[in-house]
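The values are calculated or read from the model by the stated rules, or taken from the named source; none is laboratory data. In this text, all values refer to a predicted model and were calculated from it rather than measured experimentally. We place every Cβ from the backbone using ideal geometry, glycine too, and count neighbours over all the protein chains shown. Note: accessible area is taken over every heavy atom of the protein model, side chains too, but ligands, DNA and RNA are not part of it. Shrake-Rupley method; radii C 1.70, N 1.55, O 1.52, S 1.80 Å.
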Amino acid sequence: MQIIIFNSSKEPIYEQITNQIKSSILAGELKEGDVIPSMRKLAKDLHISVITTKRAYEELEKAGFIYSIVGKGSFVAEQNLEMIREKKLKVIEEQLSMVIANSREIGLSTEELQQLLNILSEE
Amino acid sequence: MENVVELKNVTKKFKGFSVENIDLQVKKGFVTGFIGANGAGKSTTIKMIMNLLKPDTGEIKIFGLDYQTHEKEIKERIGFVYDGNVFFEGLNLKDIKRIVAPAYKHWDDTLFEQFVDQFELPLNKAIKTFSKGMQMKASLAIALSHHAELIIMDEPTAGLDPIFRRELLNLLQEFMVDGNRTIFFSTHITTDLDRIADYIAFLQRGELVFNQSIHDVAENYALVKGRVELLDRDTEKAFVHIHRAPTGFEALTNNVNAVNNTFGNSVVIERASLEDIMYYMKGRESYV
């Protein structure tokens, strides 16, 4: 699991961790049931305090991305509908960004693009 | 959460100096950094935790036990690193080990040799020939070799070069991977704490100002900068201490929400470092 901490970022370190683990799960790099490092090991590896990784894991648990079993460790949770939706939305956003980029290349305006989308949706 | 160290209403008075009504808890499995200016009472507090000084009043419990009935058991479970050499200078590390090891039931020779190796310490040279950094490494090797659950250190990084300071922090983080271990250490070098501390206990003039998690400190305290005309008797209440200059004011708040509500976007709010907090709190004193 790759996590990069940006020390001079305004975003708190625990948030950087939660966001990066979330993205790995949503991108499918981390799959249901995968073991993630213990918060103490992660703290050591990232050279940050235990309470920071603890907070990150607590937030991830609350949001249903991971679960922990005492004495066994933390695992990627079964993904619920909301998460799958979020995952799909992310993919759609990426695809749309590509569409927009392609449209720009040939000078297609946003209005024309919307019309095209409407026509295709009605089919 | 379990407390490894618990001070209740502890007071110790000396001529012209005292530590008063200290309520301090050190949480199991975490690193607590102990900060405060010179003479704030940090060493006195640590000596009381180590039973090297007896409090005048109040109660001290370590691992839930008190020193009157369980001194040996408590000491067995603590590794203590003191600023400066506490060993007889003429001795070498081998002799010191021979004296110290039998005092601990769980002394681990293999572990000790491992640290001696890792720290590149000579076994046969007198301690007095050691540099400051080597003396600290020797103290650490001895403190860490009996499987202590609680490591107490008084200014462990003072006088050490940045490379060894970082190595020491790595070593302490490795030590903390086992969740049953606890570290309590005093320091002036607050950047050490930014990296490994979970809780910060701040002592000022013999009184504990706060003992909070680093997240609480970061969420409550902030530096605020703005134009002087924003300040009046009411708006000033949001601040712990204010520095005024012809170019504007700079102030410390311990209530970021209140500042947001009072000033909105008319001021700049920045993260306050532990040094900022210590400095502004000190400034407040001089006005009293």
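Observations
- Shown in residue order for segment A:103-114 are the 3J(HN,Hα) couplings computed by the Karplus curve 6.51 cos²θ - 1.76 cosθ + 1.60 at θ = phi - 60°: 4, 4, 4, 9, x, 6, 7, 4, 4, 4, 5, 4 Hz (x for Gly and Pro).
- Computed over protein heavy atoms with a 1.4 Å probe, the carbon and sulfur contribution to the accessible area of chain A reaches 54%.
- Inverse of mean 1/r across different Cα pairs in chain B, Kirkwood, Å: 20.7
- R0 of 45 Å, Cβ-Cβ distance A:LYS31-B:GLN212: FRET efficiency to nearest 0.05: 0.75
- Going from the isolated chain to the complete set of protein chains, segment B:146-178 loses at least 40 Å² of heavy-atom accessible area (1.4 Å probe) at B:GLN173, B:VAL177.
- Within straight-line cross-link reach of B:LYS282, lysines at Cα separation under 19 Å, skipping those fewer than 8 residues along the same chain: B:LYS42, B:LYS225, B:LYS237
- Each chain gives up part of its surface: B and A jointly bury about 1300 Å² of accessible area, both sides summed, for a 1.4 Å probe.
- Dividing the convex hull volume of the alpha carbon atoms of segment A:56-118 by its residue count gives 116 Å³ per residue.
- From its DSSP helices (H runs of at least four residues, each -39,500 (n - 2.57)), the protein assembly as shown gives a residue-normalised ellipticity at 222 nm of -12500 deg cm²/dmol.
- Checked against a 28 Å cut-off, the cross-linked pairs A:LYS10/A:LYS90; A:LYS41/B:LYS61; A:LYS31/A:LYS72 give Cα-Cα distances beyond that limit for A:LYS41/B:LYS61.
- Normalised size of the protein assembly as shown, defined as Cα radius of gyration per 2.2 N^0.38 Å with N residues, equals 1.23.
- Residues of segment A:17-44 buried by at least 30 Å² on assembly (accessible area, 1.4 Å probe, chain alone as reference): A:ARG40, A:LYS44
- Coupling constants for segment B:131-141 follow from the phi torsions by the Karplus curve (6.51 cos²θ - 1.76 cosθ + 1.60, θ = phi - 60°), and in residue order they are 6, 4, x, 5, 4, 5, 4, 4, 4, 5, 4 Hz; glycine and proline get x.
- Accessible area in the full protein assembly, largest first, 1.4 Å probe, for A:LYS54, B:LYS105, A:LYS10: A:LYS10, B:LYS105, A:LYS54
- The distance separating the Cα centre of segment B:220-278 from that of segment B:71-123 comes to 48 Å.
- Per residue, the convex hull volume that the Cα atoms of segment B:116-178 enclose (Å³): 92
- Here segment B:1-155 yields Rg over Rh of 0.99, to two decimals, using C-alpha coordinates and the Kirkwood radius.
- Here segment B:223-288 is described by how far its Cα atoms reach on the three principal axes: 27, 22, 21 Å, from widest to narrowest.
- Enclosed volume per residue, in Å³, of the convex hull spanned by Cα atoms of segment B:135-258: 151
- Calculated diffusion of segment A:13-76, Stokes-Einstein form, Kirkwood radius summed over Cα pairs, 25 °C and 0.890 mPa s, µm²/s: 212
- Among beta bridges from DSSP that stay inside the protein assembly as shown, the antiparallel ones total about 70%.
- Taken one residue at a time, the phi angles of segment B:242-253 give Karplus couplings (6.51, -1.76, 1.60, θ = phi - 60°) of 10, 9, 9, 9, x, 8, x, 10, 9, 9, 9, 10 Hz. Gly and Pro are set to x.
- Tilt relative to chain B, helix B:67-76 - C-alpha long axis, 0 to 90 degrees, to 10: 70
- Pairs with C-alpha atoms separated by more than 24 Å, drawn from the list A:LYS44/B:LYS8; A:LYS54/B:LYS8; A:LYS62/A:LYS88, are A:LYS44/B:LYS8; A:LYS54/B:LYS8.
- For segment B:3-34 versus segment A:25-102, the gap between their alpha-carbon centres in whole angstrom: 39
- Antiparallel %, DSSP beta bridges [both residues in segment B:3-214], to 5: 55
- Folded to 0 to 90 degrees: helix B:109-118 orientation relative to chain B principal axis, Cα: 60
- Cα Rg, Dmax (largest Cα-Cα span) when computed across chain A, Å: 19.2, 59
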